[in-house]
Amino acid sequence: MNTCVEQANAKINLFLDVIGRRADGYHLIDGVMQTVTLADRVSVGFEPAEKIGITLTARGNDAMPTDMNNLACRAAKRYLEAANIGGSVSIGIEKNIPMAAGLAGGSADAAAVLRALDRLSGARLGTDALCRLGATLGADVPFCVRGGAMRTEGIGDRLTPCAGLSGCFLVVACAGNGVSTPWAYAEIDARSGGLFPASETAGKVEKLIHALQIRNWENACAGMENIFESVVPSVNPFVNRIKTILRGAGAAHAMMSGSGPSVFGVFFREADARSACETLAAAGIGGRLCQPVL
Ligand code: ATP
């Protein structure tokens with residue numbers, strides 16, 4: 001069996017707004033996503049076979065499904081079907097990314113499996129095809145296939161590389177109940193009354209990307225926003241508590257990622273980021289120190 005190991009990096013949203021809804025129910029977004037070094041470790045083994053067989057073993061989080069409900073298993077099946085080949089795939093996931101936290105952990109694992117199988121199987125579908133396949137698994141999968149910093153539009157499938165955060169430290173923390181992404185979108189729908197200010201949002205996103213490009217971190221931090229902060233803190237009191245702790249420890253900015261409830265703080269001094277992790281730990285909250293990836 002040929003094997004390889006892929007890092008499945010989490011993402012954070014530096015900007016996220018919902019700007020519409022398609023007739024099929026999918027939401028249209030505009031924003032900026034960035035990969036961070038917080039990652040699951042995904043090992044993949046592949047052996048050609050007549051039929052498709054997929055197994056998964058997991059470490060680190062007992063709540064993660066280990067059957068075909070796991071997005072990584074679904075990605076393997078989808079890959080083999082698209083490549084029109086059979087094979088035994090054995091996946092091992094060391095889960096470090098908090099689940100249902102707005103960090104795209106499942107999508108990252110799925111993307112890692114797609115990349116690994118494209119290397120191991122010899123089918124060589126290529127990155128563009130992996131992104132198209134990924135889009136059928138989940139809106140964040142195409143981003144996770146590529147990684148880096150991207151403006152994300154459409155249903156999350158229109159990706160344009162852009163400047164991102166660099167030279168800083170991030171503390172990602174999560175506590176309390178996870179948030180169901182469909183619930184969070186339904187809340188946004190209920191509040192927007194169908195009116196989404198798309199052009200205003202585009203202007204804000206462009207301004208943020210410009211600030212990131214010229215490394216004006218003060219303006220970049222001031223321009224970071226997440227529409228889901230208008231709904232999630234009401235059901236997860238830890239969001240505001242974590243933000244207060246991160247700011248108190250010297251974060252230049254603290255905000256929720258995706259549909260939450262994870263929160264990240266941006267630090268320009270490593271010592272501040274480390275002390276934020278200690279303060280969080282003293283409050284019984286796990287904080288992970290990581291860095292942005294470009
Ligand atoms: P998104 O914002 O894309 O919805 P998320 O980071 O909020 O993602 P995930 O960690 O991807 O959420 O998990 C959402 C749900 O998906 C989990 O509750 C879990 O049951 C299911 N799931 C399936 N496969 C995985 C996986 N490999 N890792 C984590 N969760 C998975």
> aspartates and glutamates within cross-link reach of LYS243: Cα-Cα under 12 Å, excluding same-chain residues under 8 positions apart?
Replying inline: GLU229
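Over the chain, what is the mean sequence separation of C-alpha contacts under 8 Å (at least six apart), divided by residue count, expressed as relative contact order in percent? Walk me through the numbers before you get to the answer.
Numbers: 685 pairs, mean separation 67.8, N = 294.
In percent, rounded to a whole number, it is 23.
Would you mind counting up the charge near ALA10? Only other residues with Cβ under 13 Å from its Cβ, with Lys and Arg at +1 and Asp and Glu at -1. It would help to have the intermediate numbers written out before the result.
Working: positive: LYS11, ARG41, LYS95, ARG288; negative: ASP40, ASP109, ASP140.
So the environment of ALA10 carries a net charge of +1.
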> Using a 1.4 angstrom probe and counting only protein chains, how large is the accessible area of GLU187 in Å², to 10?
Replying inline: 50 Å²
>> Between segment 185-219 and segment 107-178, how far is it from one alpha carbon centroid to the other, in angstrom?
In response: 21 Å
>> Less than 16 Å from a label point 7 Å out along the Cα-to-Cβ axis of THR57: which backbone N atoms in segment 82-115 qualify, by residue?
In response: 89-95
> Against the longest alpha carbon principal axis of the chain, how many degrees, from 0 to 90 and to the nearest 10, is the axis of helix 270-282 turned?
Replying inline: 90 degrees
> With springs only between Cα atoms under 10 Å, which of THR244, THR279, THR152 fluctuates most in a Gaussian network model of the chain?
Replying inline: THR244
> Relative contact order of segment 23-165: what whole-number percent is it, with Cα pairs under 8 angstrom and at least 6 residues apart?
Replying inline: 31 percent
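How would SER275, SER107 rank on accessible area, largest to smallest, probe 1.4 Å?
Values: SER275 45, SER107 15 Å².
So, going from the largest accessible area down, we get SER275, SER107.
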> Relative contact order for segment 169-293: what is it in percent, counting Cα pairs under 8 Å that are at least 6 residues apart?
Replying inline: 41 percent
>> Given a 1.4 angstrom probe, I'd like the percentage of the accessible area of segment 68-226 that is carbon and sulfur, rounded to a whole number.
In response: 48 percent
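Do the sum for the chain: with -39,500 (n - 2.57) for every DSSP H run of n ≥ 4, divided by all residues, what is the mean residue ellipticity at 222 nm, to the nearest 500 deg cm²/dmol? Can you show the working numbers first?
Working: 9 runs with 102 residues, N = 294.
-10500 deg cm²/dmol, from helical runs alone.
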> Which of the aspartates and glutamates could be linked to LYS77 by a straight reach, that is with a Cα gap under 13 Å, when you skip same-chain ones fewer than 8 residues away?
Replying inline: ASP67, ASP118
>> Give me, ordered by chain and number, the residues 5 or more places off VAL293 or on other chains with an amide H under 5 Å from its own placed amide H.
In response: THR35, VAL36, THR37
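Could you pull out the pairs from LYS11/LYS207; LYS95/LYS204; LYS11/LYS51 whose alpha carbons sit more than 23 Å apart here?
Details: LYS11/LYS207 21 Å; LYS95/LYS204 35 Å; LYS11/LYS51 34 Å.
The pairs that break the limit, which is 23 Å between Cα atoms, are LYS95/LYS204; LYS11/LYS51.
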> What residues qualify as long-range amide H neighbours of HIS253, i.e. H under 5 Å apart, gap of 5 or more or another chain, H built at 1.01 Å from N?
Replying inline: VAL266
> Measuring from a point 7 Å past the Cα of ASN177 along Cα-to-C-beta, which residues in segment 270-294 have an amide N at less than 17 Å?
Replying inline: none
>> Going by amide H atoms built from the backbone, whose H comes under 5 Å of the H on ALA139, apart from near neighbours?
In response: none
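The values are calculated or read from the model by the stated rules, or taken from the named source; none is laboratory data. All values derive from a computational prediction rather than experimental measurement. Neighbour counts run over all protein chains shown; Cβ positions are idealised from the backbone, glycine included. Side chains included, ligands, DNA and RNA excluded: accessible areas come from the protein's heavy atoms. Shrake-Rupley method; radii C 1.70, N 1.55, O 1.52, S 1.80 Å.
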